[in-house]
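The values are calculated or read from the model by the stated rules, or taken from the named source; none is laboratory data. Being a predicted model, the structure only gives us computed values, none of them experimental. Here the Cβ positions follow ideal geometry from the backbone for every residue, glycine too, while neighbour counts run over all protein chains shown. With ligands, DNA and RNA removed, areas are computed over all heavy atoms of the protein, side chains included. Shrake-Rupley method; radii C 1.70, N 1.55, O 1.52, S 1.80 Å.
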Amino acid sequence: MTATAFPAATDRPEPVPIRRPTVGARISRLVLPVFTGVAVLYLFLPIAVMIAFSFNDPAGRQNITWQGFTLRNYVDLWGRPDITGPMVNSLIVAVVATLISTTLGTLIGMALTRYEFKGRTGLNLLIFIPMATPEIIMGASLLSLFVSAGVQRDLTTIVIAHVMFNISYVVVTVRARIAGFNRALEEAAMDLGANEWTTFRKVTFPLIFPGILAAALLAFALSIDDYVITLFVAGRSITFPLWVFGVSRLGVPPEVNVLGTLIFVVALVFIAVQIWSQRRAIVARPEPGT
Amino acid sequence: MTKRFGDVVAVDDLSLEVKPGEFFALLGPSGCGKTTTLRMIGGFEEVTSGSVYLGDTDVTDLPPFKRATNTVFQNYALFPHLTVFENIAFGLRRRKTPTNEIRHQVAFMLKLVELPGYEDRKPNQLSGGQQQRVALARALVNNPRVLLLDEPLGALDLKLRKQMQVELKRIQSEIGITFIFVTHDQEEAMTMSDRIAVMRAGRIEQLGQPEELYERPRTDFVAGFLGVSNLIDADVAGRDERFATLRLDGGTLLRAPAAYVNGAPRVRLGVRPEKLRVIALNDDTGDSVDADTNALDGTVLDASYIGVSTQYLVETPDGHKLTVYAQNLETSGAGEVLADGQRVRLTWKPQHTFVIGPAIGPMPAGDAELEEEPQVHA
Ligand SMILES: Nc1ncnc2c1ncn2[C@@H]1O[C@H](COP(=O)(O)OP(=O)(O)OP(=O)(O)O)[C@@H](O)[C@H]1O
Ligand SMILES: [Mg+2]
């Protein structure tokens, strides 16, 4: 019989009718990409404009209409002490404040996670106060403190103020890293003949280092762009944000865009380095002997 | 030595001597203070009262890095940021060993634990068993006088565990270092150790060789923790040179080695299930029992055929339930299994009877020969 000779013919599945998506489904499929696109645009448009206008060649002090492409802004910048001065001040303040606050904050973070002592709960709460206090209040109270103590206001007072608010952020960041640290590793190091200091240097520090690095980057970022508190305690010294704010009252000159672009690039490099170093730690090595 | 955490007495006036080159196990249920004891020997936990000696040296107040002990931690505690090579070399580097020497010793250790070629791996690229071996190598390379191991096989699956038990034993006999091994697995302790201390609630219940603990447990706890025991209360009815006679509450007379009975009028006697022989009682079976044998009559409550043996639960007329493991020696097959309700007689040799008294005297023999200087003394 022919029917049995070709059984496949009858087994073939019925063609499934292609269902057309309804209009509602098609719209809902579009919502997510569009929404994402808008959000990304919202985040990056200001930065894109800033970068573009750093290459603008404006007629006057106003840098708001596109006149033509030039690299002159980047070249001229370095010969202008009124710009490089504040920039150098900001870098000094940020580096020093970051070093001090990262060191102190790391130690405080370790003490808070490691040891039981009187007032630990209280300190855990107090640490949040600088983060929660409005900057304007902190700035004003620091100013009255310095004035009543008769302290000369200059870069030193700026550093003191920056250390003060940075410490909170460092403690919170480092504490999270230390809380996940396995104490048995330190015991193992001591068991193998390392004293307390060597244990810290060879085991504890390398393992909490990513947390410390993240805290330091955060402190640096907070410090380099702080305006409100710095304004109160700066005295006659000028930092980068103070300078930008000063000149912007008369219109934004392209130098502001140039510096902004440079800072943005540096930040990108930092992020890239951090991601790369984390990747490197995770990547598995090949089997031995293959 | 004693260790208190606030109100909790974790280790209660515990005394312990470990001989050089010995494989010594601390065995006990969870929370009985094994880890705490080990940590006091290693120097990680301050001793509340008492002292720890290593050989003749009092090390009670020395920090871990000044003690000639090394530890294999429960979860290995390998340094995640260092390679296998650097993990093993860690102790050598602390002692400023020359680089060449380090390379030699690490290579030797990796061979010993059968992991050559893994030098450049990070710990998270190793399996559990491999990590365990690295932890062992990292401790052993320092040539400690005593190696402390806290449930080193706890995280491994059963098969790997068995394999590592053999490995550990091999390594220990190859290098001859004293091992103090913590476990809550009685089988593991029995197969590996020269001597075992059974711990309970911060105290040592009994200390001895595995056979000794098994054949002659001295407390209910040890009898129940190491294997299965049948325990029955009895009065001491008399004794001669070799055997003491014990009377059960039902009147049956049983005998036990005289040395095990020490004057207490009421004791508890015990016998291991595999020591019992089970005979089916028929109407024509006489009452006559060989004078050298203990015998108890009863009824089979339950029988389960397990292949190599058959497990019976037998109830005596006065209500005691006894477990019996009968080897399936005859090639008779499953048909030979006694039915539930069958009247049976259980017989065993008097010397297989052990006695747990309310007041236990010194062991008859075996504990006294300590010709060598004890190595760890706590
Ligand atoms: N740091 C500590 N603080 C308070 N109590 C503790 C501390 N460490 C241990 N203990 C208590 O001491 C007792 C013994 O603990 P230990 O860790 O020695 O038990 P273990 O025999 O090792 O048990 P396991 O088999 O579960 O590991 C327990 O009751 C435990 O709760
Ligand atoms: Mg434990």
Table column - 3J(HN,Hα) (Hz), the range A:46-57, Karplus curve with 6.51, -1.76, 1.60, x for Gly and Pro
x, 5, 4, 4, 4, 5, 4, 6, 6, 9, 7, 10
If the only charges are +1 at each Lys and Arg Cβ and -1 at each Asp and Glu Cβ, what is the size of the charge dipole of the range A:57-189 around the Cα centre, to the nearest 20 debye?
260
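Averaged per residue, what accessible area in Å² does the range B:228-353 show with a 1.4 Å probe, protein chains only?
54
At most 10 other Cβ atoms within 10 Å plus a DSSP loop assignment makes a site exposed; report the longest stretch of chain A without any exposed trypsin sites (Lys or Arg not before Pro). Show your work: numbers first, answer last.
Working: sites that count: A:ARG19, A:LYS118, A:ARG236, A:ARG249.
Free of exposed loop sites, the longest segment is A:119-235.
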Could you check which residue among A:PRO206, A:PRO33, A:PRO241 shows the biggest mean-square fluctuation in a GNM of chain A with a 10 Å Cα cutoff?
A:PRO33
Where in the range B:16-105 are there trypsin sites (Lys or Arg not before Pro) that are in a DSSP coil and have at most 12 other Cβ atoms within 10 angstrom of their Cβ?
B:ARG95, B:LYS96
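As a quick test, which of the pairs B:LYS169/B:LYS275; B:LYS3/B:LYS111; B:LYS34/B:LYS349 have an alpha carbon distance above 31 angstrom in this structure? Kindly include the intermediate steps, with their values, before the conclusion.
On the way: B:LYS169/B:LYS275 29 Å; B:LYS3/B:LYS111 39 Å; B:LYS34/B:LYS349 36 Å.
In this structure, B:LYS3/B:LYS111; B:LYS34/B:LYS349 lie more than 31 Å apart at Cα.
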Given a cut-off of under 8 Å on Cα pairs at least six residues apart, what relative contact order in percent is computed for the range B:166-271?
16
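Rounded to the nearest 100 Å², what's the accessible area chains B and A bury against each other, both chains counted, probe 1.4 Å? Present the calculation step by step, with values, prior to reporting the outcome.
On the way: alone 18450 and 19310 Å², together 35680 Å².
Protein heavy atoms only, the B-A interface buries about 2100 Å².
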What is the antiparallel percent of DSSP beta bridges lying wholly in chain B, to the nearest 5?
75
Crossing angle, helix A:155-179 versus chain A [Cα axis fit, 0-90 degrees, rounded to tens]:
40
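How much accessible area per residue does chain A have, counting only protein heavy atoms and a probe of 1.4 Å, in square angstrom? Each step should come with its number before you reach the end.
Working: 18250 Å² over 290 residues.
Each residue of chain A exposes 63 Å² on average to a 1.4 Å probe.
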In a Gaussian network model of chain A with springs linking alpha carbons closer than 10 Å, the residue among A:ILE178, A:ILE271, A:ILE100 that fluctuates most is A:ILE271
Take the solvent-accessible surface of the protein heavy atoms, probe 1.4 Å, and return the percent of it on the protein assembly as shown that carbon and sulfur atoms account for.
60
Using a Gaussian network model on chain A with a 10 Å cutoff between Cα atoms, which of A:ALA97, A:ALA140, A:ALA215 fluctuates the most?
A:ALA140
Excluding ligands, DNA and RNA, what is the solvent-accessible area per residue of the range B:3-219 at a probe of 1.4 Å, expressed in Å²?
41
For the range B:79-99 and the range A:192-264, compute the distance between their C-alpha centroids and round to whole Å.
36
Helix A:205-224 sits off the longest principal axis of the Cα atoms of chain A, rounded to the nearest 10 on a 0 to 90 degree scale, by 70
Considering amide H positions built from the backbone, and no H for Pro or chain starts, which residues 5 or more places from B:GLY238, or on another chain, come under 5 Å of its amide H?
B:THR245
Between B:THR293 and A:ALA149, the two model label points (7 Å from Cα along the beta-carbon direction) sit apart by a distance in nm of 9.7
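Nearest 0.05, what FRET efficiency do B:ALA280 and B:ARG4 give at R0 = 56 Å with Cβ-Cβ as r?
0.45
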5 Å is the cut-off here: which amide hydrogens, built 1.01 Å from N in the peptide plane, fall below it relative to B:MET199, excluding neighbours closer than 5 in sequence?
B:LEU27, B:GLY28, B:GLU205
Can you list which of the chymotrypsin sites (Phe, Trp or Tyr not before Pro) found in the range B:196-291 are DSSP loop residues with at most 10 other C-beta atoms within 10 Å?
none
